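Worksheet: one structure, shown below.
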């Protein structure tokens, strides 16, 4: 009996000291990581020569203003031996185009604002350029530019608010500026005056 008791005690010790088997947990699949976004494809650098070879953009890009009143004495294209002259009336903010003594067209203008008054006098066309930009006032566009002074005062197409608003130039409607540009040359006289014209037979006459 004594040996049987020893055997039972030893068995109990062995069972008590036995380590329970580890519990196995079901593995949870890991969430897939989001796919990395592809790197942006940068354009190849453009060679300066390729830029120069591009088709030019139509200019001017802004729509022209309304064309001026039609010539009073025949079409603009009428040929004559008499020269073209232009009179700009500052009080009337208007330009008058003559062929000889015949008034052929008239149009509103915008001359220089206070502090930038358009100079008065009679001038000649010194330089012409269909596409021109100011080298004084922030590279401002001056389409159909016709320079009349060495200081840059010119006839050109521009905005007409109905009063003197320029930096000294004489702004013209787009259609008027384009047609006048095709009629003038270095012999064309441009008179800018503060005098009020005399009206003879319904036409302005400047002394």
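Conditions tested, residue by residue: (1) outside any loop (DSSP other than H, G, I, E, B); (2) under 31 Å from the mean Cα position of the chain (by Cα); (3) closer than 20 Å to residue 122 by Cβ.
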{"position": "161", "(1), (2), (3)": "no, yes, no"}
{"position": "168", "(1), (2), (3)": "no, yes, yes"}
{"position": "192", "(1), (2), (3)": "yes, yes, yes"}
{"position": "199", "(1), (2), (3)": "yes, no, no"}
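Residue check: is residue 49 at pLDDT below 95 and surrounded by fewer than 10 Cβ atoms within 10 Å (Cβ to Cβ)? Quick ask: steps written out before the conclusion?
Details: at pLDDT below 95: yes; surrounded by fewer than 10 Cβ atoms within 10 Å (Cβ to Cβ): yes.
Answer is yes for this residue.
Evaluated against (1) part of a loop (DSSP other than H, G, I, E, B); (2) surrounded by fewer than 15 Cβ atoms within 10 Å (Cβ to Cβ); (3) touching a strand residue (DSSP E or B) at 6+ places or on another chain (Cβ under 8 Å), residue 143 falls short on exactly one condition, (2).
The values are calculated or read from the model by the stated rules, or taken from the named source; none is laboratory data. Nothing here was measured: the structure is a model prediction, and the numbers come from that model. Here the Cβ is made from the backbone with ideal geometry for all residues, glycine too, and neighbour counts use every protein chain on show.
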